[in-house]
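Notes to accompany the following structure.
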Amino acid sequence: MVGYILSVSDLNAGYGRFHIVFDASFNLADGEILTIVGPNGSGKSTLLKAIFGIATVYSGLVSFKGSDVTRYPPHVKARIGLAYLPQTDNVFAELSVRENLVMASYTLEESEARDRIEEVLNIYPILKQKLDYKAKSLSGGERQILALAMTLIRKPELIMLDEPTGNLAPIIAKELLKKIVQLRDELKKTVILVEQSAKAALEISDRALLMVSGRIAYEGPSKGLLEDVELGKKYLGLR
Amino acid sequence: MVLPSPEFIIYSIAYGSSLALLCLGLTLTYMTTKVPNFAHGTLAIVGATVTLMLIDRVYYQFRGDPLYYSLYIAAPLIAFFVVGLVALTEYLLVLRPLVRKGIGIIGLMIAALAFDIILVNILTMTLHLAPSEYFGKLIGQSLKGFDARVSLADITTTFSRLAMPVVAVILTVTLHLFLTRTKFGIAMRASIENPSLARVLGIDVDRVYIVSWFLAGGLAGVAGSFLSFIIESVKPAAGSLVIVSIFAGSILGGLGSIYGALLGGFLVGFMEPMATIMLQNALSEFLGRTVIITQYQRLFSLLVVIVVLLLAPQGLTGLNYREVIGRVRRVVGVG
Ligand SMILES: Nc1ncnc2c1ncn2[C@@H]1O[C@H](COP(=O)(O)OP(=O)(O)O)[C@@H](O)[C@H]1O
Ligand SMILES: [Mg+2]
């Protein structure tokens, strides 16, 4: 069990009485991108929420850097190096870009917060010109970049992104995927990515996980899933 | 149309200003906890009661002395903290435990009503039982005679009526700076918009709610302290009259924005006496004899509630004029 930043074993999770995810197990090595694909409603978002502590975990184990974090509440997970970007409403629409960044650094010391905001603005310079714009006036792509910047402020080691390219035009989505590759290659982050448009995402990722009806139907190198004609046809609309 | 006197216009501006603060508080608590707080009118009366008792215990002896003017600082300030704590009690002891149990909006509304009834009774007992230094009895006193008179040119008005709008503007600007310039203020706006995202970012959303309730109560205390000089008499049940206008102003403001609440509250508070007196003057002229309709003043607020909910349920802030015109057509039945 060496080298894994995240290990999930036999995880059962859902919302109150609604059991959604069944016996999920997988490992993720430091510095890799894992893409989770699968039909709508198959439990991808629920799996992320369970790992982050928002959905209810009935049984199973989530360990992060070797320690059991299964029962940690979300704000504690955020403090120890996990970040989670929700599928919807992941920025404060009524707040300016600057205020959103201040909120993302809420728990940090004043001077440290200022430095971190400066850092993420250097990674994503387009935000610099929009600092005083309300987030709701940003384009879809800019909004997702703001959301990415917000998750990066606390220097997380593992970043979970739920359909970040969801409502974006294909060209913009491609740009955003490049930014996600940059997270891994330049900033040395580990990334879990949930994606609808499976092909493009699988091509940039190292590992893949296919969810069908709340269960993991494939877990392995993403190349393997891309080349699996049967699964690809059935669940991913490839070819 | 016969225009009201300048004195009456000053009075209406003062009443509108106090209502703006009350609507702001109601909207603030509504945006955080999603409960329409039926006790908000009585909270203002607690502020009025604080002022009454302060005059009875301390200020009666200073009448005519320049020192008397410090009442206009001491009373709102004490009322701010006392009523802030009362509102906090309502949230911490009544509403928050119910919210945590998963009680729905109807249950919460009934709980707020129950708190209002309890508060009215506590006030009644206090005013009956508390010994009075000067009034003989405290309940039902009019404080109109205790408001310092001010003459400007040939207009005679009172100090509280001139001070209320100024205080409302100062408080509004302060609140605006707090909400936009301080980290905690920004966190308040963030928590109101998206509590789950705020929690993910490590913001203590519950503390934001606690501050909101305290602030809402505090502002009601300040407004009530000034209202004590305007309303006919300081009695516990008076809150049930004010609450109608508070709801009207808040609904007009859209219940989703504190700036909308300020505008809605001022408009309702200013227009209610103005429209009533103008209608009264017009009716008297038309009928050739004096007609008194000021006791029906609250009808104006009720009409505002009905008209806004029918034509623009999002209030002023959500206005889409084309849609409103469409609704007018449908309601009136043309086109
Ligand atoms: N808050 C919730 N309460 C109950 N059921 C939910 C909730 N959120 C999602 N679900 C259900 O869980 C299932 C999986 O949803 P989700 O994890 O969002 O799927 P995906 O992200 O793969 O599209 C769906 O059937 C959905 O209706
Ligand atoms: Mg999803």
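For chain B, what is the mean residue ellipticity at 222 nm derived from helices alone (per DSSP H run of n ≥ 4: -39500 (n - 2.57); sum divided by total residues; nearest 500 deg cm²/dmol)?
-22500 deg cm²/dmol
Distance between Cα centroids, segment A:181-224 to segment B:254-282: provide it in whole Å.
58
In the neighborhood of residue A:167, defined by Cβ-to-Cβ distances under 15 Å, what is the net charge if each Lys or Arg adds +1 and each Asp or Glu adds -1?
Here the count lands on -3.
Quick check: with the 1.4 Å probe, what order do B:135, A:64 take by accessible area, largest first?
Ranking B:135, A:64 by accessible area, largest first, yields B:135, A:64.
Per the Debye formula with a single identical scatterer at each Cα and no solvent contribution, what log10 I(q)/I(0) holds for segment A:92-155 at q = 0.26 Å⁻¹?
The Cα Debye sum returns log10 ratios of -1.12.
Which ³J(HN,Hα) values in Hz, rounded to whole numbers, follow from the phi angles of segment A:71-80 under the Karplus curve 6.51 cos²θ - 1.76 cosθ + 1.60, where θ = phi - 60° and Gly and Pro get x?
So the Karplus estimates, Gly and Pro as x, are 9, 5, x, x, 5, 6, 4, 4, 6, 8 Hz.
Can you order the peptides B:93-100, B:232-239 by their average number of other Cβ atoms within 10 Å per residue, highest first?
Going by the mean number of other Cβ atoms within 10 Å, highest first, we get B:232-239, B:93-100.
Using R₀ = 25 Å, calculate the FRET efficiency as 1/(1 + (r/R₀)^6) where r is the Cβ-Cβ separation of residue B:57 and residue B:184; round to 0.05.
For R0 = 25 Å, the calculated efficiency reads 0.10.
Can you give me the C-alpha center-to-center distance between segment B:1-59 and segment A:125-170, rounded to a whole angstrom?
Cα centres, segment B:1-59 to segment A:125-170: 43 Å.
Set the Förster radius R0 to 22 Å, insert the Cβ-Cβ distance between residue B:285 and residue B:156 as r into 1/(1 + (r/R0)^6), and round the FRET efficiency to 0.05.
0.30
For residue B:311, what charge total do you get from the other residues with a beta carbon under 15 Å from its beta carbon, if Lys and Arg give +1 and Asp and Glu give -1?
+3
Any of A:155/A:188; A:179/A:233; A:49/A:199; A:77/A:189; A:49/A:174 with alpha carbons more than 20 Å apart? Name them for me.
A:179/A:233; A:49/A:199; A:49/A:174
What are the membrane-span-like helices in chain A by this rule: whole DSSP H runs, Cα extent along the axis at least 15 Å, mean Kyte-Doolittle hydropathy at least -0.5?
Counting only whole DSSP H runs, the qualifying helices are A:140-152, A:170-185.
In a solvent-free Debye calculation with one equal scatterer on each Cα, what is log10 I(q)/I(0) for chain A at q = 0.07, 0.16, 0.18 Å⁻¹, listed in the order of the q values?
Relative scattering, expressed as log10 I(q)/I(0), comes to -0.22, -1.18, -1.44.
Got a sec to turn the phi values of segment B:141-146 into Karplus ³J(HN,Hα) couplings, 6.51 cos²θ - 1.76 cosθ + 1.60 with θ = phi - 60°, whole Hz, x for Gly and Pro?
6, 9, 9, 3, x, 9
Looking at chain A only, what percent of DSSP beta bridges run antiparallel? Nearest 5 please.
Expressed as a percentage, antiparallel bridges in chain A total about 60.
Would you calculate the separation in nanometres between label points at residue A:27 and residue B:233, each defined as 7 Å from the Cα along the Cα-to-beta-carbon direction?
Rounded to a tenth, the inter-label distance reads 8.2 nm.
Counting only heavy atoms of the protein chains, get the accessible area per residue of segment A:92-155 (1.4 Å probe) and round it to a whole Å² value.
45
What percent of all Cα-Cα pairs in segment B:6-332 falls in each 10 Å bin, counting up from 0?
6, 25, 33, 24, 10, 2, 0
Could you list which residues have their amide H under 5 Å from that of residue A:212, counting only those 5 or more apart in sequence or on another chain, with H placed in the peptide plane?
Amide H neighbours of residue A:212, under 5 Å, 5+ apart: A:217.
Note down the net charge around residue A:121, summing +1 for each Lys or Arg and -1 for each Asp or Glu among other residues with Cβ under 12 Å from its Cβ.
+2
At 7 Å along Cα-to-Cβ for each site, give me the label-to-label distance between residue B:67 and residue A:88 in nm.
Here the answer is 6.4 nm between the modelled labels.
The values are calculated or read from the model by the stated rules, or taken from the named source; none is laboratory data. As the structure is a computational prediction, the values presented were derived from the model and not from experiment. As a convention, Cβ positions derive from the backbone with ideal geometry for all residues, glycine included, and neighbour counts pool all protein chains shown. Note: areas computed on protein heavy atoms with side chains; ligands, DNA, RNA excluded. Shrake-Rupley method; radii C 1.70, N 1.55, O 1.52, S 1.80 Å.
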